[in-house]
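Scroll down for the structure; my scribbles are underneath it.
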């Protein structure tokens, strides 16, 4: 189980327990509460996805020229950095989605 799925599971349990523990109060609007819990979970997942995308964006754009330099033979770092095309934030989010789909069950 990945850290993200564990976090989402714990947040979902906390949200469901908070709706149950109302001090004996009768809750007639259960469907509205479920919709609110679903919205909270979707927002948390979206924030986690954007944070992962930002991490990939920063690490790729910062580290990839240096990795290419260490793997290349007889090329200067300036030459490699001038030919390097950094990825955009949307491309990094798509990369995170792609890796999550490939490697999570």
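The values are calculated or read from the model by the stated rules, or taken from the named source; none is laboratory data. Fair warning: this is a prediction, and the values are worked out from it, not measured in the lab. Please note: Cβ atoms are built from the backbone with ideal geometry, for glycine as well, and neighbour counts cover all protein chains shown.
Side notes on the structure shown:
- Pairs where the first residue, in the range 25-48, is at negative phi and at pLDDT 90 or above and the second is in a helix (DSSP H, G or I) and surrounded by 10 or more Cβ atoms within 10 Å (Cβ to Cβ), C-beta under 7 Å, 6+ apart: 40/15; 41/8; 41/11; 41/12; 44/8; 44/11; 45/8; 48/4
- Number of residues in the range 58-78 that are farther than 23 Å from residue 48 by Cβ and surrounded by 12 or more Cβ atoms within 10 Å (Cβ to Cβ) equals 8.
- If you go through the range 49-83 and pick out every residue that is more than 22 Å from residue 99 (Cα to Cα) and either at pLDDT 90 or above or not in a helix (DSSP H, G or I) (or both), you end up with 5.
- Taking the range 84-105 as the range and being in contact with a helix residue (DSSP H, G or I) (Cβ under 6 Å, 6 or more places away or on another chain), in a loop (DSSP other than H, G, I, E, B) and in contact (Cβ under 8 Å) with a residue 40 or more places away in the chain as the test, no residue passes.
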